[in-house]
Amino acid sequence: MTGKTHIMAGIAASTAVAAINNDYEASWLIAAGALGGIIPDICHGGSKIGRRFPVLSKVVNTVFGHRTFTHSLLFLALMAFILTRFVDNSSIITGILIGMGTHLVLDASTKNGIKLLYPASITIRLPITTKTGGTVENIVLLVLTVVTIYYANHLLNFF
Ligand SMILES: [Zn+2]
């Protein structure tokens with residue numbers, strides 16, 4: 001999936017959580033959701049986050065390869081561990097983890113799948129897969145946008 005779909009998925013999911021659960025500061029949760037949506041692609045130098053941190057991206061890619069460690073439950077747990085120790089804002093922590101979760105689901109819906117159980121080398125993919133950048137991805141992007149508008153309306157009472 002492309003960076004903008006990952007960002008939109010992070011925004012959609014965190015907006016929904018903010019609308020349903022008002023324990024969170026919505027703006028922090030949603031901004032963190034967008035960021036979390038692209039964090040796993042640090043393993044890929046051409047990604048939005050990889051271009052921002054080229055050295056780190058190169059190191060991660062060289063050590064682990066693409067869509068392995070950073071697309072695993074292990075990495076998600078490690079991030080949760082690090083964030084809860086260094087970030088003193090539960091909205092930011094939750095948002096990042098939600099965004100990362102949506103990333104894993106979206107990448108698992110592509111043909112290459114992900115190494116969700118890294119270091120085990122099993123490839124996990126959903127029963128129905130699509131290719132990155134195709135018509136299906138555009139539809140997914142559209143649906144995510146509609147979901148975001150729906151919950152943002154719920155959150156802010158626009159209408
Ligand atoms: Zn990815």
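The values are calculated or read from the model by the stated rules, or taken from the named source; none is laboratory data. All figures in this text were calculated on a predicted structure; none of them were measured in a lab. We place every Cβ from the backbone using ideal geometry, glycine too, and count neighbours over all the protein chains shown. Heavy atoms of the whole protein, side chains included, go into the accessibility calculation; ligands, DNA and RNA do not. Shrake-Rupley method; radii C 1.70, N 1.55, O 1.52, S 1.80 Å.
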Going Cα to Cα from Lys111, which aspartates and glutamates come in below 18 Å? Please leave out same-chain ones fewer than 8 positions away.
Asp41, Glu137
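What ratio of Cα Rg to 2.2 N^0.38 Å holds for segment 35-124? Could the numbers behind the result be given before it?
Working: Rg = 12.6 Å, N = 90, 2.2 N^0.38 = 12.2 Å.
Computed over Cα atoms of segment 35-124, the ratio equals 1.04.
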Using all C-alpha to C-alpha distances in segment 1-85, build P(r) with 10 Å bins and read off the rounded percent in each one.
18, 43, 31, 7, 0
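Normalised by the empirical 2.2 N^0.38 Å for globular proteins, what value does the Cα Rg of the chain take?
Working: Rg = 15.5 Å, N = 159, 2.2 N^0.38 = 15.1 Å.
Expressed relative to 2.2 N^0.38 Å, the Cα Rg reads 1.02.
Quick one: with all protein chains in place, what share of the accessible area of segment 79-159 is carbon or sulfur, to the nearest percent (1.4 Å probe)?
Values: 3430 of 5020 Å².
Reported share for carbon and sulfur atoms: 68 percent.
Show Leu117, Leu156 ordered by accessible area, largest first, where the area counts protein heavy atoms only and the probe is 1.4 Å.
Descending accessible area places them as Leu156, Leu117.
Restricting attention to segment 31-94, which trypsin sites (Lys or Arg not before Pro) occupy a DSSP loop and are surrounded by at most 16 other Cβ atoms within 10 Å?
On the way: sites: Lys48, Arg51, Arg52, Lys58, Arg67, Arg85; in loops: Arg67.
Here no loop site has a sparse enough neighbourhood.
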Would you mind computing, in nm to one decimal, how far apart the modelled labels at Ala120 and Asn21 are, each placed 7 Å from Cα along Cα→Cβ?
2.7 nm
So what's the gap between the Cα centers of segment 100-159 and segment 1-18, to the nearest angstrom?
8 Å
Could you provide, to the nearest whole Å², the per residue accessible area of segment 28-159 with probe 1.4 Å?
57 Å²
